[in-house]
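The values are calculated or read from the model by the stated rules, or taken from the named source; none is laboratory data. In this text the structure is predicted, and so the values were computed from the model without any measurement. Here the Cβ positions follow ideal geometry from the backbone for every residue, glycine too, while neighbour counts run over all protein chains shown.
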């Protein structure tokens, strides 16, 4: 009897969690073309339009070096080697994004080490889903 009650409770909790699990599995749908951001070892700031419905973004880092990126309040503020979010070289990551009250977001991006003479650029795309 006790085993049946435990199994029923487990089944009920799994049913309650199903919508949340399904929401996490939603494929990423871009809401704009990618923003191509050239990256150097020195921080650079870019203004990126954020669609009103955006809930996440994908950052593709084809560079041979890790990069750091951070939302900043003004063009004068910058990311540093120890701040912001680190994205490993040659990776693609989807992240949640907090919507802004304005249509523009300022991001600061830099390479953690010198990308070399060939340089590199990352792709930053707003969308919905994961």
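Any residue at all in region 107-127 that is exposed (fewer than 12 other Cβ atoms within 10 Å of the Cβ) and under 15 Å from residue 48 (Cβ atoms)?
no
Can you name the number of the only condition in (1) buried (at least 17 other Cβ atoms within 10 Å of the Cβ); (2) more than 13 Å from the chain's Cα centre (by Cα); (3) without any contact (Cβ under 8 Å) to a residue 60 or more places away in the chain that residue 71 fails?
Among (1) buried (at least 17 other Cβ atoms within 10 Å of the Cβ); (2) more than 13 Å from the chain's Cα centre (by Cα); (3) without any contact (Cβ under 8 Å) to a residue 60 or more places away in the chain, the lone unmet condition for residue 71 is (2).
At negative phi and modelled with pLDDT of 95 or more: which single residue out of 44, 85 fits that description?
Just a single option satisfies the conditions, and that option is 44.
So which residues in region 77-90 are more than 12 Å from the chain's Cα centre (by Cα) and touching a residue at least 12 places away in the same chain (Cβ under 8 Å)?
77, 78, 79, 80, 81, 83, 88, 89, 90
Collect the residues in region 74-85 that are surrounded by 13 or more Cβ atoms within 10 Å (Cβ to Cβ) and over 24 Å from residue 29 (Cβ atoms), keeping them in residue-number order.
Within region 74-85, 77, 78, 79, 81, 83, 84 qualify.
So is residue 128 out of contact with any helix residue (DSSP H, G or I) (no Cβ under 8 Å at 6 or more places or on another chain) and free of Cβ contacts under 8 Å to residues at least 40 places away in the same chain or not?
Considered against the rule, which asks whether it is out of contact with any helix residue (DSSP H, G or I) (no Cβ under 8 Å at 6 or more places or on another chain) and free of Cβ contacts under 8 Å to residues at least 40 places away in the same chain, residue 128 comes out as no.
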